[in-house]
């Protein structure tokens, strides 16, 4: 899987740049993620990871370069247009529909992908395909018993699980996860890695993550972003051995690297 | 618990029995309440119910605080009254009982055009745009007296044209049944709307519009569609009003009317579908009956609104549902406290009301003498002991209420939160 595919990459950035006034956040970024690949994006705070996510998902428009999804340009499109082309993202700060139930949080994300986008002349309860898919998702997320609980009343770990559920519910082929395990306990994190693996099975994954255990556990390749530039993108073993990465992290990686 | 958005109540099972019972009440009501006044009141309530429910599609379900809902009811009313006038003159042929649908069409078109501007934004900006548009339409109405009739308005006669299904609207009873039919159908349709994909998406946009964009929908489009749906029902309400009053004046478009839709919808409760129904009934009762009873009625309304927003943001519906739920639980133990609460409230309320009434009497009706009739009593406004007594009653009630507060606060449990008490009327963003 690590070998670059000859096919069109699922996600690609070409010379992607972002400046706010005189401040350059991202500089000439070339990144390519093959279909079905899992890439972890690491780098110190302020390296531009979140900006990169915002550029790819359409929250921001880049000041230079292109973003390609399955070979087609998506930069400059609005977030919902990008989502319809098959790319979905989660948020570092949990972003759900607090007053809607778990069931409805997921159902809202599911129904659009099954063709009920702004439907006004059908009852939700009668959309069997939507409801069946939502039930399946709740089972996978371990939220079956919380179906009617408003998202705002869930525990933090369950909210994080629902966050990923809402992200993938629309059936996107390329999934961007922004620090999925942030703020979780060790045992919750272990459970979560399994969950992410299950939910993103067969999908392309780009993930910002600070927990090196998770990164080395999940990723096929690791991209290291430092001060708006891509330092390297390679297999976990190569990245671990890379002296520049060690330097960028000031040795912080050394202690954390636990062979899976 | 306050300040935090409450959850959406689980949609109550749309029991056919509840609907059938309501419909039966509506059909049988004229047998009991057969005076001319009650007929008029019931008819106006039906119209207000449609208007307030359509307003709540924006406020409660979409988190859109509109300051210009009267624009859509008003334009619906104007188109209906002009069509009626055309029928009167024999220019047009249309059964009069279908005019409210024409009003709905006017509301729909107006909402599609004006809403396109307003719904591009949410929150404060949305509110400001609706306010601006309302002022604009109000000013335009006065600039074109040939269309809007200027200050004098437009009149027409509803008993004309071909009778449709036996309806010629000659009697109050027929008018009532026409409005009842429209109200039942519109309420059912708006209830059904909440159970559609678009209806649920509207709640999602209210809760978190940004996230909606990242799961593949255009939040602006969701808001716009909801605005158009709301505008249609508002227009139907306007068209019905035109038929009932056979007159439409510029105040039908005015800020005061928009304000009263907002006020009574919040008073009734925005978190429950049926909250605005309670609000609408109160609207008619207070505008017709309370205004007869006291000159200070607007002041009481303002106070009631203030108390609702501060203490029970779920509105009357929220309070009722809360009481209904706690009845199953520790209701019996709470009975004495509730009784004390009611007593304290009555004491404080009547004391304050007496003071207000005496003040009003002295300021505005001094020429009528010093005597004021209040709650069956004759109060001498010139007697300082009466003032002291009223002030004492008010203060004693307040002290009691404050003393009871810790007890009541102890009651708040997750169920109370689920009842929508503590939920702000709008959503964020």
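Assorted remarks:
- Against the test of being part of a helix (DSSP H, G or I), in contact with a helix residue (DSSP H, G or I) (Cβ under 6 Å, 6 or more places away or on another chain), in the same structural domain as residue B:169 (by TED's automatic domain parsing) and over 30 Å from residue B:123 (Cβ atoms), the options B:81, B:87 yield a single qualifying residue, B:81.
- Residue in the range A:139-157 that is nearest to the chain's Cα centre (by Cα), counting only those that are crowded, with 19+ Cβ neighbours inside 10 Å and more than 10 Å from every other protein chain (Cβ to nearest Cβ): A:141
- Taking first residues from the range B:183-205 that are at the interface with chain A (Cβ under 9 Å from one of its Cβ atoms) and partners that are modelled with pLDDT under 95 and not in a loop (DSSP other than H, G, I, E, B), the Cβ contacts under 8 Å between residues at least 6 apart in sequence or on separate chains come to B:195/A:124; B:195/A:125; B:196/A:124; B:197/A:124; B:199/A:124; B:200/A:124.
- The set of residues in the range A:107-118 being surrounded by fewer than 24 Cβ atoms within 10 Å (Cβ to Cβ) and at the interface with another protein chain (Cβ under 8 Å from one of its Cβ atoms) consists of A:113, A:116, A:117, A:118.
- For the range B:216-236, the set of residues classified as more than 9 Å from chain A (Cβ to nearest Cβ) and either touching a strand residue (DSSP E or B) at 6+ places or on another chain (Cβ under 6 Å) or over 25 Å from residue A:175 (Cα atoms) (or both) consists of B:223, B:224, B:226, B:227, B:228, B:230, B:231, B:232, B:233, B:234, B:235, B:236, listed by residue number.
- In the range B:206-215, of all residues being touching a helix residue (DSSP H, G or I) at 6+ places or on another chain (Cβ under 7 Å) and either in a helix (DSSP H, G or I) or modelled with pLDDT under 95 (or both), the one that is farthest from the other protein chains (Cβ to nearest Cβ) corresponds to B:209.
- Conditions (1) in contact with a helix residue (DSSP H, G or I) (Cβ under 6 Å, 6 or more places away or on another chain); (2) part of a helix (DSSP H, G or I); number of the one not met by residue B:120: (2)
- In the condition set (1) assigned by TED's automatic domain parsing to the domain that holds residue B:374; (2) farther than 19 Å from residue B:402 by Cβ, residue B:344 is compliant with all but (2).
- Test: residue in the range B:155-172 that is surrounded by fewer than 20 Cβ atoms within 10 Å (Cβ to Cβ) and at pLDDT 95 or above: no
- Checklist (1) within 25 Å of residue B:357 (Cβ to Cβ); (2) in contact (Cβ under 8 Å) with a residue 40 or more places away in the chain; (3) in a helix (DSSP H, G or I) applied to residue B:295, failing item: (3)
- Criterion (part of a helix (DSSP H, G or I), outside the structural domain of residue B:359 (by TED's automatic domain parsing), modelled with pLDDT of 95 or more and over 30 Å from residue B:374 (Cα atoms)) met by exactly one of B:266, B:187: B:187
- Taking the range A:181-209 as the range and being closer than 17 Å to residue A:37 by Cβ and part of a loop (DSSP other than H, G, I, E, B) as the test, the residues that pass are A:200, A:201, A:202, A:203, A:209.
- Hits in the range A:19-57 (condition: at positive phi and surrounded by fewer than 20 Cβ atoms within 10 Å (Cβ to Cβ)): A:21, A:28, A:36, A:46
- Any chance residue A:125 is in a helix (DSSP H, G or I), at pLDDT below 95 and within 14 Å of chain B (Cβ to nearest Cβ): yes
- For the range B:123-163, a tally of residues being out of contact with any strand residue (DSSP E or B) (no Cβ under 6 Å at 6 or more places or on another chain) and assigned to a loop (DSSP other than H, G, I, E, B) returns 10.
- From the list A:93, A:82, A:56, the lone residue that is more than 9 Å from chain B (Cβ to nearest Cβ), more than 21 Å from residue B:199 (Cβ to Cβ) and in a helix (DSSP H, G or I) is A:56.
- For the residues B:102, B:59, B:65, B:114, the requirement of being surrounded by fewer than 24 Cβ atoms within 10 Å (Cβ to Cβ) and within 19 Å of residue B:276 (Cα to Cα) singles out B:65.
- Qualifying positions in the range B:355-389 - in a helix (DSSP H, G or I), free of Cβ contacts under 8 Å to residues at least 40 places away in the same chain and closer than 19 Å to residue B:294 by Cβ: B:355, B:358, B:359, B:361, B:362, B:363, B:366, B:367, B:368, B:386, B:387
- Counting only helices (runs of 4 or more DSSP H) wholly contained in the range A:211-253, the ones carrying 2 or more residues that are within 23 Å of residue A:190 (Cβ to Cβ) and in contact with a helix residue (DSSP H, G or I) (Cβ under 7 Å, 6 or more places away or on another chain) occupy A:212-218, A:236-241.
- Annotation for the range B:69-89: at least one member residue is in contact with a strand residue (DSSP E or B) (Cβ under 8 Å, 6 or more places away or on another chain), surrounded by 22 or more Cβ atoms within 10 Å (Cβ to Cβ), within 18 Å of residue B:260 (Cα to Cα) and modelled with pLDDT of 95 or more.
- Residues in the range A:58-106 that are in contact (Cβ under 8 Å) with a residue 60 or more places away in the chain, surrounded by 18 or more Cβ atoms within 10 Å (Cβ to Cβ) and on the phi > 0 side of the Ramachandran plot: 2 in all.
The values are calculated or read from the model by the stated rules, or taken from the named source; none is laboratory data. As the structure is a prediction and not an experimental result, all values here were calculated from the model. A quick note on method: Cβ atoms are made from the backbone with ideal geometry, for glycine too, and the neighbour counts reach across all protein chains shown.
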